[in-house]
Structure formats: C-alpha cells, structure tokens
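Report on the following structure.
Nothing in this text is a laboratory measurement; each read-out follows from the coordinates by a stated rule. On a predicted model such as this, the values are computed, not experimentally measured, just so you know. Here the Cβ is made from the backbone with ideal geometry for all residues, glycine too, and neighbour counts use every protein chain on show.
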C-alpha cells in the first residue's frame, strides 16, 4: 500500500532488472535438475578386429599336433574341388567287370569298381572246409584257400587294395568309381602289368600293378585333385586269413603289425585297435618311419614292403578296426575287422605287397 506523499523506491527500470535476474535463476535451476542430460562419453577400449564366424574347413584356434597329417571334414576338400575349374578329362567304364591274374602260386580277382581285390586264392593251400559243406564257389572240398573275407568286406564296404584318403567323400568316390582296365582280357597270366584308371573331372586315380612268378606284387598308386598330387594310402580292408580254422576263432589269430627302423616289430590284436570312429581330426595321422606293415593270422601274412633299394623307414602306416556281424549260436554278434594301410611322403605311392605263407 502506498502512503500518500511518499516516493516509491523501486523505479520501473529496477523492477525490470530484478525480474530478468529472477528469470535467469529459474531457467538455470530447471536446466540443472529437469533438463535433458548430455550422453556420457565412455572410455575407449582396445577391441579385436571383428571376424566372421568360423565355417567348416576354416583354420581353428587349436594348433595341430606336430607330425600329424590332419583329417579335414569330409566335405572340405571335396567342396573345394567341386568349386575349382579343372581341365581333367573324365575317365571310367560304363559297367562293372572283373579281371583275374594268376601264376602257379595264386589266383587274384580284381573288380573295376574301386579297382579292388575281391578274391586272393593261394593255389598250394586249402582251407579246413569239410563235407558236406561247400566251397565259396559252390564246389566240393578240398577248397583252395581264399585270404579275402568277402562277407566282412561287403558289410563294411572295404576291400583289399582300396585307397585311403584324408577326405572321406573323395575316398568313397575313389573306391566306388568304375575304372578303365588297361586290357580287355578277363584273365591274364603272370608276368603281367595291369592298370586301372578313373576320373570324375576333378579327382584322378591310377593304380598300376606288376605281377611276376612270386608271391610279391609291385603296386603304384597315383592320385591327383584338380591336377595336383595329394597324399594317399593303399590298404588291406575287410579282414584277412583262413576263416575255416577254429579253436580259437579266426579273429583271435589276426593281428596288424609294423616294423620301425632297427627291426622292432609291433603287433596289435583287435582288442588293442581303435575303431575308426574314435579317431579325431587331429589324431588321424600316419605313423612315419616304418620299414614294413601288414596283417597276419597264424599261417599267412600280407605285408606292404618298400621298393628294393629304398632307404629304411620310408613308409607310413595306419591301423584300425571296423565291425560286422557274425552268427554265434544263431544270434547276430558284432565282430571286429582289423584293417591296415600304408602311405609314403613321396608321390606317387610305390611299394611291394607280399601275400602268402609265413614260412
């Protein structure tokens, strides 16, 4: 309330100044407590370069085992081959056929499907088949001894002189293709050379065998992928020996073996062999420094040998077991099938194979 006659101390200019100052205080207070806050600048950290997720066949963070020949996933090499242009002509036959090679000691039957052995009979030996049983070919005893276990080979899909590769898909292709045979004859007499050739346009396989008058066969295996040689092995698959000998059962007499430099021979019965499914990508490797390797029963043996004049320890080996079923007391019972393969650092793989008596 204004007193009459008294002058007002607040001039209009002073009032405007006070109002302005109060407005600024209100604005600053609102901005501090209610206004939007600026984004917080987080400290920078050193981050690794972003990489794409690992895909099958790519390098892993686990270092490989020294001296091991790693087995990549089955599709890795094959997929690479399929995506890589190649000027390799396709080769092969249009139908399955067999060829028999014989001398005075043996009669060997090859199939051009896989270029594998279907029968290896030793002419000077008979098995223990007794009447009224029949021989494998339906004839009456005595039966010429056949070292190939045909039933086990059919069930496991592995035959003698099949190839072994680190890529399962390529291996299956090589062991199932219909090969061209260098001769149209169905039977040849030793001494003789027989060659099997097959290609799907990427994978090329050539097997060359020389047969003479002895129990020893010279074998050379060449495998290329898109024109480049790849490591390969030659195997005796499907079991081995005389199946008619009992007490003990035949499987209990079969062992795989190898010899290292210095003449030390190591034997493995089926109980000590790992199944192929137990091998991992880093442990599936070739054991190097081997003089010879093979498979045997009580009286007969198959041995992969180096060429004459080769340096000691030039071969490499693998050994494992597959499974098939046999009837025991009219029941299907799993039975192990020992397998063995050899390779070499050199390509193509050239060696000798002895198949015959141990004496």
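The strands (runs of 3 or more DSSP E) found wholly in segment 239-356 and carrying at least 2 residues that are closer than 16 Å to residue 158 by Cβ occupy 287-296, 300-305, 315-328, 331-343.
Take the conditions (1) within 17 Å of the chain's Cα centre (by Cα); (2) surrounded by 17 or more Cβ atoms within 10 Å (Cβ to Cβ); (3) not in a helix (DSSP H, G or I); residue 171 misses just one of them, which is (3). Between 297, 339, 291, 359, the distinction of being touching a strand residue (DSSP E or B) at 6+ places or on another chain (Cβ under 7 Å) and under 25 Å from residue 121 (Cβ atoms) belongs to 339 only.
Condition first: surrounded by fewer than 17 Cβ atoms within 10 Å (Cβ to Cβ) and in a loop (DSSP other than H, G, I, E, B). Now tell me which residues in segment 90-128 satisfy that. Across segment 90-128, the qualifying residues are 90, 92, 93, 94, 95, 96, 97, 104, 128. Residue 348 falls short of the stated requirement of being surrounded by 12 or more Cβ atoms within 10 Å (Cβ to Cβ), out of contact with any helix residue (DSSP H, G or I) (no Cβ under 6 Å at 6 or more places or on another chain), touching a residue at least 12 places away in the same chain (Cβ under 8 Å) and farther than 30 Å from residue 222 by Cβ.
In summary, residue 298 fulfils each of the numbered conditions (1) in contact with a helix residue (DSSP H, G or I) (Cβ under 6 Å, 6 or more places away or on another chain); (2) crowded, with 16+ Cβ neighbours inside 10 Å with the single exception of condition (2).
Against the definition (more than 22 Å from residue 208 (Cα to Cα) and surrounded by fewer than 14 Cβ atoms within 10 Å (Cβ to Cβ)), how does residue 332 come out, yes or no? Considered against the rule, which asks whether it is more than 22 Å from residue 208 (Cα to Cα) and surrounded by fewer than 14 Cβ atoms within 10 Å (Cβ to Cβ), residue 332 comes out as yes. Taking the criterion of being surrounded by fewer than 18 Cβ atoms within 10 Å (Cβ to Cβ) and closer than 19 Å to residue 319 by Cβ, the only residue of segment 134-167 that qualifies is 157. Selection over segment 195-231 of residues that are within 12 Å of residue 170 (Cα to Cα) and in a strand (DSSP E or B) gives a count of 7.
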